Amino acid sequence: MNKSVLVRYIDSLGRIGIPAGIRERLNITNGDSVEVIFEEGSIMIQRYTGETCLICRETEDISPFKNFFICAKCKHELTANSTSDKSLTDNNTKV
Ligand SMILES: [Zn+2]
């Protein structure tokens, strides 16, 4: 394991900044979730890889979709959109 030690300061609200290089290596971007793990006097932060909706980050009623997870609500919205797109295509074909 490649270990890096950096000194970061905690602000008045208890926040720290994760350096851009580390975020890039962990594939973490704005809005992503991380797990904060406290163990024996240490804190470890790692990318959250649990089952959340790819679109809205919902954790309830999740089902797999290809290599991702998607919630029932988003799946319904995507299905409704694809159905309306198909009807538009069919109408254009008839003209
Ligand atoms: Zn969703």
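Bear in mind these aren't lab numbers, they're just calculated from the coordinates by the rules spelled out. Because the structure is predicted, anything quoted here is derived from the model rather than measured. We place every Cβ from the backbone using ideal geometry, glycine too, and count neighbours over all the protein chains shown.
Just tell me which aspartates and glutamates come within less than 18 Å, Cα to Cα, of Lys73; anything on the same chain fewer than 8 places away is out. Within reach: Glu51, Glu58, Glu60, Asp61. Computed from point charges on the beta carbon alone (+1 for Lys and Arg, -1 for Asp and Glu), the dipole magnitude for the chain about its Cα centre is near 360 Debye. The order of the peptides 10-18, 60-68 by mean Cβ neighbours within 10 Å, most packed first, is 60-68, 10-18.
How would you classify the stretch 1-55 from its alpha-carbon gyration tensor, with a ≥ b ≥ c the square roots of the eigenvalues: rounded for a/c under 1.5, else prolate if a/b is greater than b/c, otherwise oblate? The shape class here is rounded. Rounded to the nearest Hz, the phi-derived 3J(HN,Hα) couplings of the stretch 6-13 under the Karplus curve 6.51 cos²θ - 1.76 cosθ + 1.60 (θ = phi - 60°) are 10, 9, 10, 9, 8, 7, 5, 9, where x marks glycine and proline.
Quickly estimate the mean residue ellipticity at 222 nm for the chain, helices only: each DSSP H run with n ≥ 4 gives -39500 (n - 2.57), and the total goes over all residues, rounded to 500. So the helix-based figure for the chain works out to -10000 deg cm²/dmol.
Legend: translational diffusion of the chain by Stokes-Einstein, Rh = Kirkwood radius over C-alpha pairs, 20 °C, 1.002 mPa s; D = 124 µm²/s.
Taking amide hydrogens as placed 1.01 Å from N in the peptide plane, the amide H of Phe65 sits under 5 Å from those of Ile70, each at least 5 positions away in sequence or on another chain.
Note the angle between two axes, namely the Cα long axis of helix 72-94 and the longest principal axis of the Cα atoms of the chain, as a number of degrees from 0 to 90, rounded to the nearest 10. Value to nearest ten degrees: 40. Annotation: amide H of Glu58 within the under-5 Å range of Cys53, sequence separation 5 or more or interchain, hydrogens built in the peptide plane.
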